1. Let me check the size of region 282-340 from its C-alpha atoms; what are the radius of gyration and Dmax in Å?
2. How far apart, in nm, are two points set 7 Å out from the Cα along the Cα-to-Cβ line at L250 and at K403?
3. Report P(r) for region 107-193: all Cα-Cα distances, bin width 10 Å, range 0 to the bin holding the largest distance, values in whole percent.
4. State, to one decimal in nm², a quarter of the convex hull surface area for the C-alpha atoms of region 172-220, i.e. the direction-averaged projected area.
5. Please compare each pair in K230/K403; K41/K119; K231/K403 to a cut-off of 25 Å on the Cα-Cα distance and tell me which ones are over it.
6. Using a Gaussian network model of the chain with C-alpha springs under 10 Å, which one of Y369, Y106, Y206 is most mobile by mean-square fluctuation?
7. Under a Cβ-only charge scheme (Lys and Arg +1, Asp and Glu -1), can you give me the dipole magnitude of region 343-421 about the Cα centre, in debye to the nearest 20?
8. What helices does the chain have that are whole DSSP H segments, at least 30 Å long along their own axis by Cα, and with mean Kyte-Doolittle hydropathy of -1.0 or more?
Amino acid sequence: MYQSLKKSLYFFVAGYFRFFASIRLSLWKPRIIVITGSSGKTTLLHLIESQLGDKARYTHEANSSFGIPFDILNLHRKNLLLYEWPLLIFLAPVKVFSKLPKEELYIVEADCDRPHEGKFLSEFLKPEVTLWTNVSRTHSMNFEGEVKKGRFKIVDEAIAYEFGYYARNTKNLVIIGDSSKNLENQLSRVKCTIENISSKNNKVEYSVDVDGCIFVIDDKRYSFNYLLPKKTSTLILTCRLLMDYLGERLDAKFRNFKLAPGRSSVFTGIQNTTLIDSSYNANLDSMTEIIEMFSKIEAKEKWVVLGDMIEQGTWEEEEHKKLAEVVLKHNFQKVILMGPRVSKYTKPVLLENNINIVSFVSPKEVLSYLENNIKGGEVILFKGARFLEGVIEHLLKNKEDVKKLARRERVWQIRRERWGL
């Protein structure tokens, strides 16, 4: 009942904050650059921030129909708990006429978690430039109704169409990172210039180890002290094109780049283990990219801990079986599954192929298994949903590193506690 009411009122309540945010936006008048797509948005935002620094304002940890208006109004949800809402509602009109940001550029990460969100946000933002990273099955469950109504043949089309609103409502330039048939079908809606990186034959060389990665793109070298998958090359090229458009000089060393929490951060764990935390999100595309990246890292003992891919709806069996096929391409010493979906759909495929595998439903069980079976020196990748960051928290050698994990708000702490973490 609560979830149904929340869903029905979502855009009505979001519209209240959007109304006041639009007034403030009209007073501020920044040049708006939207970053959208199924994955890679946050990494691209951080790549751009490393170039522009304080020349722009950025929507850190705010990419939804609520988060973006909140960011414009300088409203903050500290704990993500219900008691915060009355104050937020009261403050929205008050914040309209507070001191305006000094930055002339506004870099906005914008998602499409549900139908109508792309339309809702893009008509409000009216971006000068849109950077569209890709389209894949994210939040598919929320788009099932669009297929059942007969508006689209497959869910991939519905998701692409919603993202397409950002491109449609862009004034000057749309840059496409990694295109697909479903994405390209939306480009007829675009009324401005389109730069499609995936249509160019860019030569890419890539290497990675636990200390970082190197990209050589068209004979130009880019190095990072972070773990980034090979497809990040399209984000680098997108960033490069944007700098050209803005008339800014590109720092090819990306000296000021910082990776957001939960995107393949590397930590030292108990018993001299190396923990790779890629627990922030999980869809088949992002799982595939990170698993392939991990496979290239040299280590004697490599383990993967994989959680469920949630919100896949009707397609969850298909997606989780495809995940098994991705894992089978690589020779990991141990595969640990956590969650009902990977246990039901991914595990049987792996067992048929004699993979060294164990599976659990809860994060507490995974933590107990790791604590009892780690021998020392393992390199362990964590990727997927269901509170994997809570498992990592208990395996860290330096407990101060807890601050660098994702989902530190009080609401997530409460949920982890309920799962025994």
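1. For region 282-340, the Cα radius of gyration and maximum Cα-Cα distance read 11.7, 39 Å.
2. 3.4 nm
3. Bin by bin from 0 Å, the calculated values are 19, 54, 25, 2.
4. On the way: hull surface 20.1 nm².
Computed as one quarter of the Cα hull surface, the answer is 5.0 nm².
5. Numbers: K230/K403 27 Å; K41/K119 18 Å; K231/K403 28 Å.
Over 25 Å Cα-Cα: K230/K403; K231/K403.
6. Residue with maximal mean-square fluctuation among Y369, Y106, Y206: Y369.
7. On the way: 16 positive and 10 negative charges, 67 e Å.
The dipole of region 343-421 has a size of about 320 debye.
8. Values: long enough: 2-28 (37 Å, 0.47).
Helices meeting the criterion: 2-28.
The values are calculated or read from the model by the stated rules, or taken from the named source; none is laboratory data. A quick note: this is a predicted structure, and the numbers were derived from the prediction, not measured. With ideal geometry, Cβ positions are generated from the backbone for all residues, glycine too; neighbour counts draw on all protein chains shown. Only protein heavy atoms, including side chains, enter the accessible area calculation; ligands, DNA and RNA are left aside. Shrake-Rupley method; radii C 1.70, N 1.55, O 1.52, S 1.80 Å.
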